[in-house]
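Each remark here refers to the structure printed beneath this line.
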Ligand SMILES: NC(=O)c1ccc[n+]([C@@H]2O[C@H](COP(=O)([O-])OP(=O)(O)OC[C@H]3O[C@@H](n4cnc5c(N)ncnc54)[C@H](OP(=O)(O)O)[C@@H]3O)[C@@H](O)[C@H]2O)c1
């Protein structure tokens, strides 16, 4: 049976991915501080020795590297050094590397973006993820999944949770009408990661929901879904396009042609729930 190692089993994505992976593959996962099921391997991705040792002992066929969101401490190091370490370890054992990246490697001036469009990150997170992609691409058997805002319908995503908490505390919140994204249902993204684990596709793939919408539209859909009625301090507005990428729509045509996994947009997902 194929052996899969998932980094970041405790991430929002990882907590959905690990149980689904376990239905298909012999699955192990790493955590850093929190272990949702108490069966993970504690590992700091910045620690090269620890990474090499763990991967050498588990000898996975596939590594799905989810660690590296914009919420981690020492973000740039976790993303860049952590990915360098995981890539080197994958090379040592000949594992396929499925790497999760982001739409904000683009500057948001020219969406919808295709896989071959040049990256042009505007902020530190985007720059670190773009640098990590370059490292991953040096490993022959790799796939880089660029995705968008991740949401679920059973567990609130971290972005919506932040907004909901701020509104409940009556803090001002602005949802941006000019930032365009292709939010992705976490189940879709998990299925795509697992499908790509066993395909021989190599390179970058844009995996996101096929419906583009503004962060404001998305935020309001999520607040409705979760029944968050406190909106006195909520406003809609524009962001600074020099600082924050505006139009990061992803062209998902290649993923739609390649994958069996459907890529429904937010409205389709909500309608079928
Ligand atoms: N969330 C989104 O909307 C979104 C959008 C586009 C792309 N992505 C990408 O999707 C992936 C998952 O994002 P997410 O939002 O699900 O992540 P997340 O919930 O913010 O989770 C962060 C993860 O990083 C782990 N971690 C932190 N520091 C670490 C270290 N030094 N060594 C090892 N692990 C460490 C945490 O472990 P502990 O909890 O155990 O400490 C946790 O598992 C990321 O690669 C991100 O760039 C996310």
Share, in percent, of DSSP beta bridges within the chain that are antiparallel, nearest 5: 5
Listed with the fewest Cβ neighbours within 10 Å leading, 1, 213, 222, 156 appear as 1, 156, 213, 222
Mind pulling the per residue volume of the convex hull built on the Cα atoms of segment 1-80? Å³ is fine. 84
How many angstrom separate the Cα center of segment 177-243 from the Cα center of segment 42-120? 21
Regarding segment 179-266, what whole-number volume in Å³ per residue does the convex hull of its Cα atoms give? 107
So what is the relative contact order of the chain, in percent, for Cα pairs below 8 Å that sit 6 or more residues apart? 19
Taking other Cβ within 10 Å of each residue's Cβ, how do 198, 10 sort, fewest first? 198, 10
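Before anything else, pin down the relative contact order of segment 61-161: Cα pairs under 8 Å, at least 6 apart, normalised by residue count, whole percent.
Result for segment 61-161 is 32 percent.
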At 4 °C and 1.567 mPa s, grab the translational diffusion coefficient of the chain from Stokes-Einstein with a Kirkwood Rh over Cα pairs, rounded to a whole number in µm² per second. 69
Return one number: the angle in degrees, 0 to 90 and rounded to the nearest 10, between the long axis of the Cα atoms of helix 158-168 and the longest principal axis of the Cα atoms of the chain. 30
If you line up the long axis of helix 75-93 against the longest principal axis of the chain, both from Cα atoms, how many degrees apart are they, to the nearest 10? 30
The chain: calculated mean residue ellipticity at 222 nm from DSSP helix runs of at least 4, using -39500 (n - 2.57): -11500 deg cm²/dmol
For segment 94-169, what size does the Cα cloud have along each of its three principal axes, sorted from largest down, in whole Å? 48, 33, 21
In angstroms, what radius of gyration and Dmax does segment 125-204 have, counting Cα atoms only? 16.4, 50
For 125, 151, 201, order by how many other beta-carbon atoms lie within 10 Å, fewest first: 201, 125, 151
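Quick note: the coordinates plus some simple rules give every number you see, no bench work behind them. Every value quoted in this text rests on a predicted model; they were computed, and no experiment measured them. So basically every Cβ, Gly included, is an ideal-geometry build from the backbone, and we count neighbours across all protein chains shown.
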